[in-house]
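Student: Before anything else, here's the structure in question.
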Amino acid sequence: SDACYAPTSSSSAKQQRSDGKHQQYRAVRHKLTVEDVRRMKPRQVAAHRKREGEYQRANTKRALRHVSAFCSVEVGGLDSMLACAARAEDHRLRREVGMQIGRMVSVFDEGRDDDVKKLICKALACTDWKVGKEEDNEDGGGISTLTIEELDEEKEMDDDDDDDHEEEEGSNAELFAMMKRGQLTASLLMGKPDVGTWALKYGWSDGNGVEELKELISSDDPCAMSIASELVSTASSVEKSRPLLLPLVEEGTLEDLLMHPDADIRSGAASCAAKIGLASKALSADDGEVMGLLDVAIELLFDEDEDDLGVGEGDSQSSSKSTTSLSTTKQVPPNAAGDSTSMDRGVEVLAYLVSKTFVKENVANGYKPKGSPPNRKPVLQRLVEIACAPQSGDAQMAYGLAGIFNLLSVSIETLRKEAFIGKEITKEQYDQLQAMGKTEEEKDAEAKDDEREGDDPASVSERIRKLANANVPRAMVKLLEGSRNSDATQEKLLEGMGRMASETSARGIMIQQGCLTSCLQLDKGDKPNETEKKILRHARSCVAKLLVTTNPGVLTVSQRSGAVGPLLKLVKDSDALDLMHFEALMSLTNLAGFDNETKNRVVSQKGIPTLSYAMFSDHEMVRRAATEAMSNMIPHPEMMEYLKKTENLRVWIAFSLDYEENFACARASLGCLAMAVPEPDFAKALIQCQNFREMIRTLMECGQLELMHRVLVLTVGLVEHGGECREAVVAAGAKPFCEGYIQNYHDEKKTMKDFSFSPAERGSLSATLSLAKEVVQLLR
């Protein structure tokens, strides 16, 4: 929309005119930045947006026209791609062809499914693309008739291509036609799931698709079985098409694929079995079935065919092929993480199975299938090895790996609670409503299931520690660095890091393995979209969790300073949860109390207004954390200037007096005032507040030893200034109170015995008595 034609430079233009040539123009296409749009006038912005819309509509229209022409019978592009996929012996090539077909049909909008059906009905051997819209709309044509029609069509195409005719001559043309229809159905399920489901149920050979799928499976042809494996794997991912595959499971037809020696064929069937099994309550409740699928998934993680051992980056010569048994442990070669279909499917199956608690425990505890070679690595170590392989972040399995690491670090109960965040009803209320409509037998059965799937916090913490010791955080960092183009993968990884950071003992290892640095380096530009905002929120939340209890002294200067900005942005994020705000404020409290350099960083990032605003949060723990963070900014000059203002001092005094409603916040507020009293200008501003005398009298008489300790420290500081500060303390009645306090509680042993103080309170009692004596002595 912003294309323009710019002439060449003036010097070159003159040279062209001197040579008698016409001036040449080059098309220049530049993308307008946000600043460019802001500098526009309203009319220009409207014109720009209109051009953008026209450009997008023209692109879509052109894409539809090109795809329709390419896939037409006259051009034969779709048939050529399907034939290429059916002939391909390399499963990676076949899969790439299928994905490209899926991308082509995905160009059509959701409301244009009928156009897709019209376009591919002949390739599916479908006589009526409207079939499935009305009952009994099928013509009931048999497979043989439709196959003859397909053969005639292929024969007409072969007349124009003698080479193809010679290649297909002598092959099983009927099987070849079914392979093309199966490949097309698999591609439709990837690009247009609804159309793909229609094709499998109605369109493929007028409703005989499942029967022809069985023939592909039982054909003993590796290419046909590979296409069938890809099809069942893709169909099992679509909820509407999943029931169509149940006959394959019930009749045992899927076993032919599961037992095949080819890893690619076996992996697709295993993926299908896992998805169907977990969708079925009966199968998912059978631990034996689930463990069998887990063994298959682990085998797939170690399965790499000869081609997957290819050449690493920088090698100049092709590596020689070597045959290796399926049980042999091998290192992940460069690029293998992105090329191995068996590993893709193994990760996919494991991502489904790891939702089970006992599967999580087995994976975290280094599970190996029975009969595994002694030198084979545990499944968790293998996952880490795959994730750390070069270019693993760009691989198709990256999202699956992120999901596995994420689920390993969380319990089912936590996932259920998270599902109700932002809803008008809590999980507990929902459970109560559900229980009202259940019988006692159903409640007992559900209780047994919950007990079986139980995952208490102690087990989750132990599992996270094992994950940290197995270098899972480093693997997640590697995936995060390589998945810059996948927002979904980044979000899943950062969510998993945040869950691991909830375990205090794992935070040090996570920082050592690069989690903190990778989260701080994440950048989505000045104007992130909603998805990018969510990713940044997860990254900042992970930083907050990591730094709540971490000693700032073990961090580098860049880590301490670099964490301040993201934490303040998280505090200002109105869409973040109160827990995220609280953790960010606690981390800022931890950092601000370390050194002046960090305090300067907070001030430079406009942290004082942000923290001051957070003090008025609706959540009392957020208010307390914000007050504590502000307190740790003492004695920075900017903080002192902030406190000297009368309107701000009134707020802090009010917070100090609100000890009955929010004791922790009052304690932090009063502590801040006590730390600031040594500054003479602040002391003068404090005694001039209207509610100063009320604060001194109320807090001295409140009976809370921690508050009494702080107000006595504040009183001593004011008396030491002398002059008007000393007179203000005397006018507030501090001396008579201190004398009476000493007289009544001077015998500490008797007082502790009478009041049964805790050890902490005993220390506070001694401190308050000493301070009261000091006040009396200074006021004499």
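The values are calculated or read from the model by the stated rules, or taken from the named source; none is laboratory data. Fair warning: this is a prediction, and the values are worked out from it, not measured in the lab. FYI the Cβ positions are ideal-geometry reconstructions off the backbone, even for glycines, and counts take in every protein chain you see. Side chains included, ligands, DNA and RNA excluded: accessible areas come from the protein's heavy atoms. Shrake-Rupley method; radii C 1.70, N 1.55, O 1.52, S 1.80 Å.
Student: Pairs under 9 Å by beta carbon, first residue among the acidic types (Asp, Glu) in the range 640-668, partner not in a helix (DSSP H, G or I), six or more apart or different chains?
Tutor: These pairs meet every condition: Glu660/Cys702.
Student: Oh, and also: For residues in the range 71-84 being surrounded by 15 or more Cβ atoms within 10 Å (Cβ to Cβ) and in contact (Cβ under 8 Å) with a residue 24 or more places away in the chain, which is nearest to Ala173 (Cα to Cα)?
Tutor: Per the criteria, the residue is Ala83.
Student: Out of Ser392, Ser342, I need the residue that is more than 21 Å from the chain's Cα centre (by Cα), over 19 Å from Asn469 (Cα atoms) and of a type in the set (Gly, Ala, Ser). Which one?
Tutor: Result: Ser342 is the single residue among Ser392, Ser342 that is more than 21 Å from the chain's Cα centre (by Cα), over 19 Å from Asn469 (Cα atoms) and of a type in the set (Gly, Ala, Ser).
Student: How do the helices (runs of 4 or more DSSP H) wholly within the range 98-217 filter down when requiring 2 or more residues that are open to solvent by 20 Å² or more (accessible area, probe 1.4 Å), β-branched (Val, Ile, Thr) and at pLDDT below 85: which remain?
Tutor: 143-159
This table checks each residue for (1) closer than 15 Å to Ala177 by Cα; (2) in contact (Cβ under 8 Å) with a residue 60 or more places away in the chain; (3) basic (Lys, Arg).
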residue: Trp204; (1), (2), (3): yes, yes, no
residue: Asn208; (1), (2), (3): yes, yes, no
residue: Leu213; (1), (2), (3): yes, no, no
residue: Met225; (1), (2), (3): yes, no, no
residue: Ser229; (1), (2), (3): no, no, no
residue: Val232; (1), (2), (3): no, no, no
residue: Ala235; (1), (2), (3): no, no, no
residue: Val238; (1), (2), (3): no, no, no
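Student: If only one of Val347, Val384, Val410 is farther than 27 Å from Thr504 by Cα, crowded, with 20+ Cβ neighbours inside 10 Å and modelled with pLDDT of 85 or more, which one is it?
Tutor: None of the other options fit; the residue is Val347.
Student: A further question follows. Restricting attention to the range 496-531, report how many residues are part of a helix (DSSP H, G or I) and either at pLDDT 95 or above or of a type outside the set (S, T, N, Q) (or both).
Tutor: Number of matching residues: 17.
Student: Being touching a Phe, Trp or Tyr at 6+ places or on another chain (Cβ under 9 Å) and free of Cβ contacts under 8 Å to residues at least 40 places away in the same chain is true for just one of Leu699, Leu686, Leu707. Which residue is that?
Tutor: Of the residues listed, the single one that is touching a Phe, Trp or Tyr at 6+ places or on another chain (Cβ under 9 Å) and free of Cβ contacts under 8 Å to residues at least 40 places away in the same chain is Leu686.
Student: Right, Ala668: within 14 Å of Leu718 (Cβ to Cβ) and small (Gly, Ala, Ser) or not?
Tutor: no
Student: Could you please find all residues in the range 62-90 being closer than 30 Å to Ala263 by Cβ and either assigned to a loop (DSSP other than H, G, I, E, B) or hydroxyl-bearing (Ser, Thr, Tyr) (or both)?
Tutor: Of everything in the range 62-90, those that are closer than 30 Å to Ala263 by Cβ and either assigned to a loop (DSSP other than H, G, I, E, B) or hydroxyl-bearing (Ser, Thr, Tyr) (or both) turn out to be Ser80, Ala88, Glu89, Asp90.
Student: All but one of (1) more than 21 Å from Ala501 (Cβ to Cβ); (2) of a type outside the set (A, V, I, L, M, F, W, C); (3) open to solvent by less than 40 Å² (accessible area, probe 1.4 Å) hold for Pro635; state the number of the condition that does not hold.
Tutor: For Pro635, the failing item is (3).
Student: Taking Gly671 as the residue in question, decide whether it is closer than 25 Å to Glu620 by Cβ and part of a loop (DSSP other than H, G, I, E, B).
Tutor: no
Student: Just checking, which of Leu258, Leu244 is of a type in the set (A, V, I, L, M, F, W, C), open to solvent by 20 Å² or more (accessible area, probe 1.4 Å) and either more than 18 Å from His91 (Cβ to Cβ) or in contact with a His (Cβ under 9 Å, 6 or more places away or on another chain) (or both)?
Tutor: Leu244
Student: For the range 532-552, how many residues are open to solvent by 40 Å² or more (accessible area, probe 1.4 Å) and not in a helix (DSSP H, G or I)?
Tutor: 3
Student: Right, next: From the list Glu727, Glu706, Glu679, Glu748, exactly one residue is modelled with pLDDT of 85 or more and surrounded by fewer than 16 Cβ atoms within 10 Å (Cβ to Cβ). Which is it?
Tutor: The unique qualifying residue is Glu727.
Student: Take Leu294 and decide whether it is farther than 18 Å from Ile404 by Cβ and modelled with pLDDT of 75 or more.
Tutor: So Leu294 fails the test.
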